[in-house]
Amino acid sequence: MPDDVSKLRIEKERPGAARKKRSAVLKVAAAAALILLAGLYFAGVFTPSVPVEVGLVSKVYPSQAITLLNASGYVVAQRKAAVASKITGRLVALMAEEGSRVKKGEALARLENDDAIAARDQATANLKGAVEAVEQAKAELQDATLSVKRNRELMEQGFVSRQDFDTADARYRKAVAGAAGAEAAVAAARAALKGAEVAVEYALIRAPFDAVVLTKNADIGDIVTPLGAAANARASVFTLADMESLQVEVDVTESNLSKVKSGQPCEVLLDAFPDSRFRGRVHMIVPTADRSKATILVKVGFIDKDSRILPEMSARVAFLERQLTAGEETPRTAVHPDAVVTRQQKKSVYLLKGDRVVETPVTLGGRIGDMVEVLSGVSAGDKVVLKPSGKLRNGSLIKVVEK
């Protein structure tokens, strides 16, 4: 056993091998540090962010390039009416509501009219009685005519006296007058019936033209009067507007009036529909000025009717130099020329992606006002760098500077 223990030995590491091992570890650590530093460098940790101004790629209409003048105003119905009755009465029925489309002559509401209906029925009965009286008068006239004719023949033959003939003649004349009076009574009864029917009609409130109901001003049970002076009385039941008569009314300053003429093509933009443009034409330049504002009222009509257009909508009107062609009615994608960079005859922009920029090639079209059309490369809504400096590179860290 002692002999076995004496044979055990621990070999010592050679000095050269230890140094090689430490050198390899240091090299690996140095390489890892270099890789980390390179990664941090390219990540922008050691590079400061570049301050930039940002612009927006947007949709632009070609009409902007031929716009002579812009003005704002409101959509106004040129034919509008507050409908009411010619008589005073209690409202008992409503046959329309806000937004209803009504035709000319259509009944919209009815007032209490029992008394007018009773008067009409009475007039109808009176007319019937007058007609019967005419028939009776005609029968008497026929009898009197035969009697006077017979008495004349008998008198000429000497069978009756002159007095009998005169009596028959007087009866005949009375019958003629009675028939004429009965006819006149029928005419008077017909006129009275017409008046009674008109009185009944007064209780019906009808549309004066094809229109849309804008507002309802009274409810069932309200007293409606044409004067509106009574307490809690309503002067009108509905307010109507003819949607075919909608126009935009804008104020144009006197100094710009020379840029506007009758029939001039226009483009209308409604605040309610910012993505839609409506074709228009100058309908009228109202021949009077507003002294307080030094403006002239200009009315612009819509060429294409659209059910979305409603009275009192706010609108902006662009007065154009000429009529738009078919291709110019479609919006184009455009960017400000200051965002475009030219390198080696290639166009590009710096597109924002988070807090960095990506150099993106673009294909450009023609100028549209102070913008330039972009055919490919970016889309509407993208953000790009304006006036990029020489420090800016693909992937550069940026800081947006507010204008």
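The values are calculated or read from the model by the stated rules, or taken from the named source; none is laboratory data. Model, not experiment: these values are computed from the prediction. Glycine gets a Cβ as well: all are built from the backbone with ideal geometry, and neighbour counts include every protein chain shown.
The combined condition, being closer than 30 Å to Ala77 by Cα and at pLDDT 85 or above, is not fulfilled by Asn232.
Filter region 284-326 down to the residues that are over 19 Å from Val76 (Cβ atoms), touching a residue at least 40 places away in the same chain (Cβ under 8 Å), surrounded by fewer than 16 Cβ atoms within 10 Å (Cβ to Cβ) and not charged (D, E, K, R) and list them by number. Of everything in region 284-326, those that are over 19 Å from Val76 (Cβ atoms), touching a residue at least 40 places away in the same chain (Cβ under 8 Å), surrounded by fewer than 16 Cβ atoms within 10 Å (Cβ to Cβ) and not charged (D, E, K, R) turn out to be Ala294, Gln323. A residue that is loosely packed, with under 15 Cβ neighbours inside 10 Å and aliphatic (A, V, I, L, M) cannot be found anywhere in region 155-168.
Only one of Leu111, Leu69 is surrounded by 15 or more Cβ atoms within 10 Å (Cβ to Cβ), at pLDDT 85 or above and closer than 30 Å to Ala203 by Cβ; which? Just one listed residue meets the conditions, Leu111. One residue stands out among those in region 338-353 that are in contact with a Lys or Arg (Cβ under 9 Å, 6 or more places away or on another chain) and among the β-branched types (Val, Ile, Thr): the one that is surrounded by the most Cβ atoms within 10 Å (Cβ to Cβ), which is Val340. When Asp338 is tested against (1) in contact with a Leu (Cβ under 6 Å, 6 or more places away or on another chain); (2) farther than 19 Å from Lys59 by Cβ, just one condition goes unmet, and that condition is (2). Any residue that is assigned to a loop (DSSP other than H, G, I, E, B) and over 35 Å from the mean Cα position of the chain (by Cα) - is there at least one of those in region 366-376? Looking for residues that are assigned to a loop (DSSP other than H, G, I, E, B) and over 35 Å from the mean Cα position of the chain (by Cα), one finds none in region 366-376, hence no. The selection criterion, being surrounded by 14 or more Cβ atoms within 10 Å (Cβ to Cβ), in a strand (DSSP E or B) and not assigned by TED's automatic domain parsing to the domain that holds Asp306, does not hold for Val252.
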